[in-house]
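Down below is the structure, laid out as structure tokens.
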Amino acid sequence: MNPKILIIGACGQIGTELTQKLRKLYGTENVIASDIRKLNTDVVNSGPFEVVNALDFNQIEHLVEVHKITDIYLMAALLSATAEKNPAFAWDLNMNSLFHVLNLAKAKKIKKIFWPSSIAVFGPTTPKENTPQYTIMEPSTVYGISKQAGERWCEYYHNIYGVDVRSIRYPGLISWSTPPGGGTTDYAVDIFYKAIADKKYECFLSSETKMPMMYMDDAIDATINIMKAPVEKIKIHSSYNLAAMSFTPTEIANEIKKHIPEFTITYEPDFRQKIADSWPASIDDSQAREDWDWKHTFDLESMTKDMIEHLS
Ligand SMILES: NC(=O)c1ccc[n+]([C@@H]2O[C@H](COP(=O)([O-])OP(=O)(O)OC[C@H]3O[C@@H](n4cnc5c(N)ncnc54)[C@H](O)[C@@H]3O)[C@@H](O)[C@H]2O)c1
């Protein structure tokens, strides 16, 4: 039987593409998209849509009952750069929305949860290259602190209450259909828009800042596959490391130049440099590959080609 899905935060960078893919897979009527406002016409007009505040437990519970929801994908959050500008609100939104959904599962009102974590759970004391699944985690951003605390709570709700919650530590995500929502890796999306429109880009990170990244198609596949995996294959109930590629602004600029030879890049690092410097440069995701057969498709070369084809 198909799951009955509620996506909270469906109008964002990930939610938009996740909604369309889940609707194709499970049927439009089985995927209820929701967000705090009707922010994206593609999402709002392509199937059932509800306005919901992720901080309002009663609203979410009502939707779960009315639509007989089995699975919730909680995508609403304040992202890294935005969260630094409003730490108290970021903590409130990122934590309490998660508690609401975990408590619905604890009360057996839903069966399964997807909740995204991030490479922001790592910090300046974490080994930077090939960052292991289990390692030092001392995040220095409010976003990272909220994601790390969220991971601990996911594992706790699994261990103590038997909640089936599944999670991935997404790296920076690159996509062409919806603009990114205020993260530190957003430059790797903006650069394509500016390269095509202006043939030049001023990067808010320094030239050699290497970070883990992933093309949205791979991130959506990972999200759907971890949720589809038989429960016994999920060995980690905090969050899985996930990786596809790592590159610096110089490297992505050079790849873009293969398609747009006149493209130039300059560097003007801002407050986001400090956040980027505290994160890993590359990630060891062997556990996800082993446990539920994760594999990526896109590397820097194929991702760049696809982005330019779609945006040109
Ligand atoms: N995009 C990335 O590179 C990335 C990387 C790592 C982790 N993540 C995580 O993935 C999730 C989704 O990220 P995204 O990039 O799609 O974010 P986004 O900012 O693009 O989208 C978030 C969506 O949540 C909605 N929202 C905000 N507050 C809400 C509320 N109170 N009630 C209901 N909806 C609300 C927003 O309107 C928006 O549509 C987040 O948890 C984020 O931390 C994203």
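Since every read-out is calculated from the coordinates, none of them should be taken as a lab result. Remember, it's a predicted structure, so these values are computed and weren't measured experimentally. Backbone-built Cβ (ideal geometry, glycine too); neighbour counts: all protein chains shown.
Observations on the structure shown:
- Restricting the calculation to Cα atoms, the chain yields a radius of gyration followed by a Dmax of 18.8, 58 Å.
- Viscosity 0.692 mPa s, 37 °C: Kirkwood-radius Stokes-Einstein D of region 178-284 over Cα pairs, µm²/s: 212
- With contacts taken as Cα pairs under 8 Å and at least 6 residues apart, region 107-173 reaches a relative contact order of 46 percent.
- Partner lysines for Lys24 [C-alpha distance under 16 Å; skip if fewer than 8 residues away on the same chain]: Lys4, Lys228
- Under 13 Å, Cβ to Cβ, from Glu65 - net charge with Lys/Arg +1 and Asp/Glu -1: +2
- A Förster distance of 45 Å, applied to the separation of the beta-carbon atoms of Ile136 and Asn254, puts the FRET efficiency at 0.85.
- Crossing angle, helix 300-311 versus the chain [Cα axis fit, 0-90 degrees, rounded to tens]: 80
- Distance from the C-alpha centroid of region 129-185 to that of region 258-312: 18 Å, rounded to the whole angstrom.
- Set of region 189-208 residues, backbone N closer than 19 Å to the point 7 Å along the Cα-Cβ line of Lys274: 204-207
- Packing around the peptides 6-17, 125-136, 79-90, 245-256, taken as the average count of other Cβ atoms within 10 Å per residue, puts them in this order, highest first: 6-17, 245-256, 79-90, 125-136.
- C-alpha long axis of helix 187-197 to longest principal axis of the chain, angle in °: 60
- Bins of 5 Å from zero: percent of alpha-carbon pairs in region 108-147: 6, 22, 25, 17, 11, 8, 7, 4, 0
- Cα-based reach from Lys147 at 17 Å (exclusive), listing lysines while leaving out same-chain residues under 8 positions away: Lys85
- The Rg/Rh ratio of region 27-177, with Rg taken over Cα atoms and Rh as the Kirkwood radius over Cα pairs, comes to 0.98.
- Amide proton proximity set for Ile283, modelled H, under 5 Å, gap of 5+: Asn130, Thr131
- Amide H contacts under 5 Å for Ser118, placed H, 5+ residues apart: Tyr170
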